[in-house]
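Here's the structure, in structure tokens; my notes come after.
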Amino acid sequence: MNPSDYTCTNSTLHFICEHANRYSVTTIVTFDQPLWWKAREIIKSVHETSALRDIILQLGGFNTEMSFFRMYWS
């Protein structure tokens, strides 16, 4: 599947969430910025009781660093 497709991102989030629940661990996923944005939109669109709401999304290191630089050099 194309990683930029919402269906692929949605399937990945459900797969990861299922395994995290099976092992009783917190789900933390690191994406680059475009995929992070798609995952964020998917998580915000699901029902409040969905297990996807428990996923913690992180930006990859490069994107986090660039956000920091943008904030101080804008």
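Details
- Output for segment 39-55, where each listed residue is within 19 Å of P3 (Cβ to Cβ) and either among the β-branched types (V, I, T) or outside any helix (DSSP H, G or I) (or both): I42, I43, I55
- Taken over segment 15-36, residues that are modelled with pLDDT of 90 or more, exposed (fewer than 14 other Cβ atoms within 10 Å of the Cβ) and on the phi < 0 side of the Ramachandran plot amount to 9.
- Of all residues in segment 56-69 being surrounded by 11 or more Cβ atoms within 10 Å (Cβ to Cβ) and either within 17 Å of T7 (Cα to Cα) or of a type in the set (G, A, S) (or both), the one that is modelled with the lowest pLDDT: S67
- Of the residues making up segment 22-38, those that are part of a helix (DSSP H, G or I) and either within 17 Å of N10 (Cβ to Cβ) or touching a His at 6+ places or on another chain (Cβ under 8 Å) (or both) number 5.
- Contact map, segment 32-44: residues that are without any contact (Cβ under 8 Å) to a residue 40 or more places away in the chain paired with residues that are small (G, A, S) and part of a helix (DSSP H, G or I), Cβ distance under 9 Å, separation 6+ or inter-chain. Pairs shown: Q33/S67.
- Flag for K44 being at pLDDT 90 or above, out of contact with any helix residue (DSSP H, G or I) (no Cβ under 8 Å at 6 or more places or on another chain) and either acidic (D, E) or more than 18 Å from H19 (Cβ to Cβ) (or both): yes
- Where a residue in segment 53-74 is within 27 Å of F15 (Cβ to Cβ) and its partner, wherever it lies, is modelled with pLDDT of 65 or more and of a type in the set (K, R), with Cβ under 9 Å and at least six apart: R53/K44; L57/R40
The values are calculated or read from the model by the stated rules, or taken from the named source; none is laboratory data. No experiment lies behind these values; they were computed from the predicted model shown. Glycine also receives a Cβ, built like all others from the backbone with ideal geometry; neighbour counts cover every protein chain displayed.
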